[in-house]
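Structure first, then comments.
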Amino acid sequence: MTNTSHQATSHSQQQRVDQVSEPASWTSASIAELDVAYDDGETTPEHVLDEVFSRITRDTALNAYHVVTHHEALAAAQSATARRRAGRSLGPLDGVPVTVKENLGRRGVTMPSGAAALSNPPVPTQDSPVVTRLREAGAIIVGSTVMPDWGMLSSGVSSLHGVTRSSWNPALTTGGSSSGAAVTAASAHGPVHFGSDIGGSIRLPGTWNGLATLKPSAGLIPLDSPYVGRAAGPMARRTADLFAAMAITARWDDRDASTHPYPPIDFSQRTLSPKGLRVGVHLDGAIGHPLDPEVRAVCLATADQFADAGAQISEISPITTNELLTRIDRFWRARSLNTLRGLPDGTQDGAVLDYIERWCRGAEGLDGATIVGDFEACGGLGARTRELTRDFDIVLSPVTPELAFPASDPMPRANPDLPMGHISYTLPFNMSGQPAGTVNAGRAADGRWIGLQIAGSMGADADILAVMAWWEKVRPVEANPPWSQLDG
């Protein structure tokens with residue numbers, strides 16, 4: 001696929017108005033809707049922020065925030081309102097409420113990374129690149145959202161924050177590790193929210209909350225703490241808002257020493273039909289976690305719909321292997337055990353959840369050669385992923401073999417001695433660096449959401465979003481989340 005097979009979206013007033021209609025609440029408006037409404041004087045950033053604060057109060061029991069920065073957000077809203085009134089808008093995100101995950105550093109805001117480990121967690125002296133780009137664009141950063149201990153759980157269970165719960169059903173997990181970001185996106189505390197992902201931490205909460213998300217190409221969104229497989233990316237109710245978020249944040253920053261500039265990518269909003277595309281379907285990937293029959297049925301039905309639209313469908317062999325998953329999981333254990341051992345004397349007991357401590361200590365006794373070999377498995381899985389997906393324009397798969405599980409459970413399978421089989425579909429694209437987005441595709445009989453992962457080649461992020469946007473237009477009615485249920 002290419003990034004140049006379309007005309008850039010016109011910014012004429014008529015076309016902008018054609019794209020939008022007034023929402024029931026400005027907090028649930030899209031970025032495009034807010035941009036038009038601000039320019040037309042229908043509402044102001046200050047008024048929208050007031051509505052967001054009301055929603056935050058309403059949703060307190062869902063436990064989404066590490067900190068809500070009221071004064072900073074209010075000052076940003078006042079400045080955005082003044083710019084909009086003077087006709088000096090900084091762009092589509094000027095005055096738009098957003099949140100960032102607590103591990104995306106903000107100057108002066110503590111970064112405990114979800115763990116009760118330190119009584120005095122680190123406080124950044126400068127913003128992370130994501131936050132820098134958002135501020136430059138005039139976005140209103142409402143707060144920093146919670147995560148589980150060190151981001152190593154696929155739930156919203158944290159030794160520091162407690163349990164984060166789904167906006168749709170508080171008895172269910174919101175997923176993790178971008179747990180708070182999923183709540184703020186689903187509950188419409190603004191149109192777009194940023195999480196991070198090292199093995200599925202954006203995409204898992206995306207699928208369990210009916211969201212559209214993107215784990216971008218490696219390094220496309222710069223990080224202040226880069227690490228193998230790690231990425232930051234946007235989460236939203238609709239794919240359209242991901243385009244705008246990527247246009248702002250996908251800009252090189254030399255503070256991220258692990259990356260380099262990408263060629264320009266056009267993130268103008270568009271759709272891309274799969275007609276003529278080579279589409280791989282990856283179903284056999286649930287190492288240790290059998291694919292739920294309802295998830296399988298939704299993914300097969302989706303593949304059929306892509307085929308009916310003219311896609312060339314082929315099945316892909318399993319990407320993740322038991323050996324590679326076990327080794328990568330073991331390396332993560334050793335890395336986290338090193339963090340645990342590095343805590344000050346007398347603070348290790350109770351520093352993290354018992355589940356996380358037991359998981360970490362699974363790496364005790366490993367020698368250096370074994371840990372180095374396990375690290376090399378990350379590259380091994382990355383190479384395998386690229387080899388098996390090279391002949392395809394996009395790859396369709398489940399996001400995870402599991403449906404959403406109880407909110408108080410740390411993982412889908414509560415056994416820290418086992419490797420993380422539920423990330424066997426998402427992990428490969430962290431290790432290969434390829435972009436992977438998620439979009440809702442269906443619903444289980446009991447109402448739990450089922451997402452679809454769409455992955456592609458390096459730098460094809462805009463094309464992935466365009467296919468996601470196409471799917472949102474043609475998917476079955478029952479696959480459209482009834483967001484109005486959360487807006488009452």
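The values are calculated or read from the model by the stated rules, or taken from the named source; none is laboratory data. Quick caveat, the model's predicted, so the values are computed rather than measured. Every residue, glycine among them, receives a Cβ derived from its backbone with ideal geometry; neighbour counts consider all protein chains shown.
Close Cβ contacts (under 7 Å, 6 or more residues apart or on different chains) running from residues in region 435-453 that are under 17 Å from Asn169 (Cβ atoms) and among the hydrophobic types (A, V, I, L, M, F, W, C) to residues that are assigned to a strand (DSSP E or B) and at pLDDT below 95 are absent.
Could you check how many residues of region 349-369 are assigned to a helix (DSSP H, G or I) and touching a residue at least 24 places away in the same chain (Cβ under 8 Å)?
The number of residues fulfilling the criteria is 8.
Of all residues in region 78-116, count the ones that are among the acidic types (Asp, Glu) and within 20 Å of the chain's Cα centre (by Cα). Counting residues in region 78-116 that are among the acidic types (Asp, Glu) and within 20 Å of the chain's Cα centre (by Cα) gives 1.
Set side by side, the residues Thr43, Thr9 differ, and just one is in a loop (DSSP other than H, G, I, E, B), surrounded by 15 or more Cβ atoms within 10 Å (Cβ to Cβ) and modelled with pLDDT of 95 or more, which is Thr43. For Arg358, the conditions (1) closer than 20 Å to Asp197 by Cα; (2) of a type in the set (Lys, Arg); (3) surrounded by fewer than 19 Cβ atoms within 10 Å (Cβ to Cβ) all hold with the exception of (1). Mind listing whichever residues of region 221-248 are more than 14 Å from the chain's Cα centre (by Cα) and not small (Gly, Ala, Ser)? Across region 221-248, the qualifying residues are Pro222, Leu223, Asp224, Pro226, Tyr227, Val228, Ile248. Collect the residues in region 177-220 that are more than 13 Å from the chain's Cα centre (by Cα), at positive phi and surrounded by 24 or more Cβ atoms within 10 Å (Cβ to Cβ), keeping them in residue-number order. Residues satisfying the conditions are Ala188, Gly190. Taking region 34-65 as the range and being of a type in the set (D, E, K, R) and more than 21 Å from Ala181 (Cα to Cα) as the test, the residues that pass are Asp35, Asp39, Asp40, Glu42, Glu46. Checking each residue in region 383-420 for being surrounded by 21 or more Cβ atoms within 10 Å (Cβ to Cβ) and not in a loop (DSSP other than H, G, I, E, B) picks out Thr385, Thr389, Ile394, Val395, Leu396, Ser397, Pro398. Looking only at residues of region 297-325 that are among the charged types (D, E, K, R) and farther than 25 Å from Gly382 by Cβ, we find that the one that is nearest to the chain's Cα centre (by Cα) is Asp304.
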